[in-house]
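Worksheet for the structure shown next.
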Amino acid sequence: MQFIEPTKEFENSWNAAIKEFELEGRDEFRNYPNRPKNLDEYIRMVASHALGEDLPAGFVPATTYWLVDGTEFIGHAYIRHTLNEHLLNFGGHIGYAIRPSARTKGYGTKILELALPKAKELGIDRVLVTCDESNIGSRKIIEKNGGVLENSIPGENGPKLRFWITL
């Protein structure tokens, strides 16, 4: 298993994962005003966002990593370098997604585990991670990685749980 920056090496598997997300009704680029047309464009986009460049309105600098296992793209994590007001309430420092065909195999716990030292390298000592109250799997992942529930706040899709992890 590897936790790496996005690369062309896993292009076929990444494209297959994007299709899996779309089949379940999720668009992994729903927050981006300009959806990347292909992996090359995606790699350029996340590289510039990590440097704080070409950020869409409301975005903060963030570094993207992929979890891969063998030749398969498993999921991605993005580590936001800072928080704005919206992220302080709803998004947190770390967001992650595991492709549908790889869920319930421990990859979610692993991706957050691997993201935490990367957040520490960015100078973040306390990490905020959030999830919908209805997302029991994500809650368990956060708690397994040391997340301590601070509170629950109203969100678009129901209550949003806010957890802190001290690094």
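So is Ala57 small (Gly, Ala, Ser) and at pLDDT 95 or above or not?
Working: small (Gly, Ala, Ser): yes; at pLDDT 95 or above: no.
So Ala57 does not fit the description; no.
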Among (1) modelled with pLDDT under 95; (2) loosely packed, with under 14 Cβ neighbours inside 10 Å - the single one Asn84 does not satisfy: (1)
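Taking the stretch 125-144, which residues are of a type outside the set (Lys, Arg), out of contact with any Gly (no Cβ under 8 Å at 6 or more places or on another chain), within 20 Å of Arg99 (Cβ to Cβ) and open to solvent by 30 Å² or more (accessible area, probe 1.4 Å)? Let's see the steps before the verdict.
Let us first name the residues in the stretch 125-144 that are of a type outside the set (Lys, Arg), namely 125, 127-138, 141-143.
Next, only the ones that are out of contact with any Gly (no Cβ under 8 Å at 6 or more places or on another chain) stay: 125, 131, 135-136, 142-143.
Right, trim to within 20 Å of Arg99 (Cβ to Cβ) and you get 131, 135-136, 142.
If the condition is that a residue be of a type outside the set (Lys, Arg), out of contact with any Gly (no Cβ under 8 Å at 6 or more places or on another chain), within 20 Å of Arg99 (Cβ to Cβ) and open to solvent by 30 Å² or more (accessible area, probe 1.4 Å), then Asn135, Ile136 are the ones that fit.
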Return yes when Ala119 is buried (at least 22 other Cβ atoms within 10 Å of the Cβ), out of contact with any Gly (no Cβ under 6 Å at 6 or more places or on another chain) and among the small types (Gly, Ala, Ser) and no when it is not. yes
Tally of residues being in a helix (DSSP H, G or I) and either over 18 Å from the mean Cα position of the chain (by Cα) or over 14 Å from Ala115 (Cα atoms) (or both) across the stretch 141-167: 1
Could you tell me which of the residues Ala77, Ala57, Ala97 is loosely packed, with under 13 Cβ neighbours inside 10 Å and under 27 Å from Ile153 (Cα atoms)? Ala57
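Being of a type in the set (Val, Ile, Thr) and open to solvent by 20 Å² or more (accessible area, probe 1.4 Å) narrows it down to one residue among Thr64, Thr7; which is it? Quick ask: steps written out before the conclusion?
Values: Thr64 fails: open to solvent by 20 Å² or more (accessible area, probe 1.4 Å).
Testing whether each residue is of a type in the set (Val, Ile, Thr) and open to solvent by 20 Å² or more (accessible area, probe 1.4 Å) leaves just Thr7.
The values are calculated or read from the model by the stated rules, or taken from the named source; none is laboratory data. Keep in mind it's a predicted model, so treat the numbers as computed, not measured. Here the Cβ is made from the backbone with ideal geometry for all residues, glycine too, and neighbour counts use every protein chain on show. For accessibility, only protein heavy atoms count, side chains too; no ligands or nucleic acids. Shrake-Rupley method; radii C 1.70, N 1.55, O 1.52, S 1.80 Å.
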